[in-house]
Amino acid sequence: MNRISHWIDGKVVGGTSGRTGVVFNPATGEQAASVDFASVAEVDAAVASAKAAFRAWRATSLSRRAEVLFRMRELVDANRKEIASLLTAEHGKVLSDAMGEVARGLENIEFACGIPHLLKGGYSEQAGTGVDVYSIRQPLGVVAGITPFNFPAMVPMWMFANALACGNTFVLKPSEKDPSASLFIAELLASAGLPPGCFNVVQGDKEAVDRLLTHPDIEAVSFVGSTPIAKYIYETGTANGKRVQALGGAKNHMLVLPDADLDMAADAAISAGYGAAGERCMAISVVLAAESIADELVAKIAERIPQVKVGPGNEPGIEMGPLITGEHRDKVKGYVDTAGDHGATVVVDGRENVRSEGFFLNPTLLDNVAPGTPAYDDEIFGPVLSVTRVHGYEDGLQLINDNPFGNGTAIFTRDGGAVRQFQFDVNVGMVGVNVPIPVPVSYYSFGGWKASLFGDTHMYGPEGINFYTRGKVVTSRWPDPSTSTIDLGFPETR
């Protein structure tokens, strides 16, 4: 049985806590590996390694840090298929989707390669007579990332690329459900020339998380996951004096107006609702269909669903794989089981003709899903797409703004005026216009509003650079000794 361990101080370190977890192959339902769960002592060892490496890494030139990241970029690019295969084997997503995940993560490494430019400060000559003022940004120290099961390669790249580029050292706690990608990434960073201790991986569960949140040498924590855990991470981390960015859950709505291209909207709903088996925080889970076109749109979505090929992610032609665990599959299935009790119509029943092996649930379409019911209110995180009928723009906008989540949303229409008003009115962090999954490119930043974000800083891009650094302003004067005098007054600039 394959055993997955930690990466501390530049090498694989076997766990000593005696506690382990099970890593499944979701396509078969069988155990594929065991993963060591870190003890407090093992987390402390990883943090100590990162702390010891920080002084030298912080002092490393920007050009040298960029050089390491450029080499990492080439290594990730050369090993795309190997990384994607690990994702498919442990998460279950199809190989093409896994390749897309690697590509989007790679963009963040590419962005961080520009760190010599990104860390340029400001300079004001002669702010006062003979006085110059300039600003600089400096690294925090040891920072940690706690990442989810649904993007085990991309989300760590969202974090460590900018963190390392800024001069911090990093401790990663990946999901225990699909941990292998984290070790592969650690090996690539070492091959790229990153010194030992600058990047460490501790596998584990809540015990490891809690130690990272309370460890006195951790300066900042980045997290992506569900809203209840994000809230816990934020409150615990900040209570222990840490800078925290914690991205939570979502309930993303797609508003389809009467003038929309319905074929485009139906294609988008399928892609955004069932891609990665719906296990995306940017998945579209609710289609808000204007009443005048709702019947036609539901029919178009329903007729496309049988074309979605479901099966093991490593088989050619498969478009949707299994869910991550049997427990999660059963939870998602429960929303379909009870949908009728809450007045919804099961248009396409994903419980039918399901593969007997693995953690599969076929694409499901629910119509007439009402706000206030579980299928509408909860983040299902599975291949269940709900349709809620609305009178028009104002009705749809109100539902989106009333929702406690504010991660992503989309509007489908040909009306530029409606689009302009929508992006102005909607209380959501990321907006798509005829684009169902508006994940920003790496030189912007990712993050939602409301219960989808705890903290005031979004992830990666420019806000990521700000999160992993702190500002310092230097006021300097190089006086002419012949004119130096004692002045006990308050410094003035005039």
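The values are calculated or read from the model by the stated rules, or taken from the named source; none is laboratory data. All of these numbers come straight from a predicted model, not from anything done at the bench. Every residue, glycine among them, receives a Cβ derived from its backbone with ideal geometry; neighbour counts consider all protein chains shown.
Restricting to region 245-263, give me the number of residues that are more than 18 Å from V387 (Cβ to Cβ) and either among the basic types (K, R) or surrounded by fewer than 24 Cβ atoms within 10 Å (Cβ to Cβ) (or both). Residues that pass the stated criteria total 2. The residues listed here are S175, S180, S124; of these, the one that is among the polar types (S, T, N, Q), without any contact (Cβ under 8 Å) to a residue 60 or more places away in the chain and buried (at least 20 other Cβ atoms within 10 Å of the Cβ) is S175.
Only one of these is of a type in the set (A, V, I, L, M), touching a Pro at 6+ places or on another chain (Cβ under 6 Å) and either modelled with pLDDT under 95 or over 30 Å from F467 (Cβ atoms) (or both): A266, A277. Name it. If you could, list the steps in order and put the result at the bottom.
On the way: A266 fails: touching a Pro at 6+ places or on another chain (Cβ under 6 Å).
The match here is A277.
Looking across P148, P139, P152, one residue alone is within 26 Å of V23 (Cα to Cα), modelled with pLDDT of 95 or more and touching a strand residue (DSSP E or B) at 6+ places or on another chain (Cβ under 7 Å). It is P148.
Sub-9 Å Cβ pairs linking a first residue in region 275-290 that is at negative phi to a second residue that is of a type in the set (A, V, I, L, M, F, W, C) and modelled with pLDDT under 95, at least 6 apart or interchain, are G275/I437; R280/I437; M282/I437; A283/I437; I284/I437, ordered by first then second residue.
Among the criteria (1) out of contact with any helix residue (DSSP H, G or I) (no Cβ under 9 Å at 6 or more places or on another chain); (2) in contact (Cβ under 8 Å) with a residue 40 or more places away in the chain; (3) over 19 Å from V221 (Cβ atoms), the one G448 does not fulfil is (3).
Consider region 312-327 and keep the residues that are of a type in the set (G, A, S) and either touching a helix residue (DSSP H, G or I) at 6+ places or on another chain (Cβ under 9 Å) or within 12 Å of A276 (Cα to Cα) (or both). The one that is surrounded by the fewest Cβ atoms within 10 Å (Cβ to Cβ) is G313.
For first residues located in region 215-235 and among the acidic types (D, E), partners that are assigned to a loop (DSSP other than H, G, I, E, B) and modelled with pLDDT of 95 or more and lie 6+ apart or on another chain with Cβ distances below 8 Å form the pairs D217/G141; E219/L140; E219/G141; E219/N168; E219/K242.
Restricting the search to region 28-78, which residues are surrounded by fewer than 18 Cβ atoms within 10 Å (Cβ to Cβ), in a loop (DSSP other than H, G, I, E, B), touching a residue at least 40 places away in the same chain (Cβ under 8 Å) and of a type outside the set (V, I, T)? Scanning region 28-78 gives a single hit, G29.
Among the aliphatic types (A, V, I, L, M) and closer than 19 Å to P322 by Cβ: does that describe A32? Yes: the conditions hold for A32. Here V332 clears all of (1) out of contact with any Gly (no Cβ under 9 Å at 6 or more places or on another chain); (2) at pLDDT 95 or above except the condition numbered (1). Being on the phi > 0 side of the Ramachandran plot and without any contact (Cβ under 8 Å) to a residue 24 or more places away in the chain holds for only one residue in G340, G334, G317, and it is G317.
If you go through region 381-424, how many residues are among the aromatic types (F, W, Y) and either outside the structural domain of L361 (by TED's automatic domain parsing) or buried (at least 21 other Cβ atoms within 10 Å of the Cβ) (or both)?
So in region 381-424, the residues among the aromatic types (F, W, Y) come out as 381, 393, 405, 412, 422, 424.
Those still in the list that are either outside the structural domain of L361 (by TED's automatic domain parsing) or buried (at least 21 other Cβ atoms within 10 Å of the Cβ) (or both) too: 381, 405, 412, 422.
Looking only at that region, the number is 4.
Scanning region 91-109 for residues that are closer than 22 Å to Q31 by Cβ and touching a Ser or Thr at 6+ places or on another chain (Cβ under 6 Å) yields L95, A98. Looking across region 409-429 at every residue that is assigned to a strand (DSSP E or B) and in contact with a His (Cβ under 9 Å, 6 or more places away or on another chain), the one that is nearest to M157 (Cα to Cα) is identified as T409. Checking each residue in region 268-311 for being over 21 Å from L361 (Cβ atoms), in a helix (DSSP H, G or I) and in contact with a helix residue (DSSP H, G or I) (Cβ under 7 Å, 6 or more places away or on another chain) picks out I293, E296, L297, K300.
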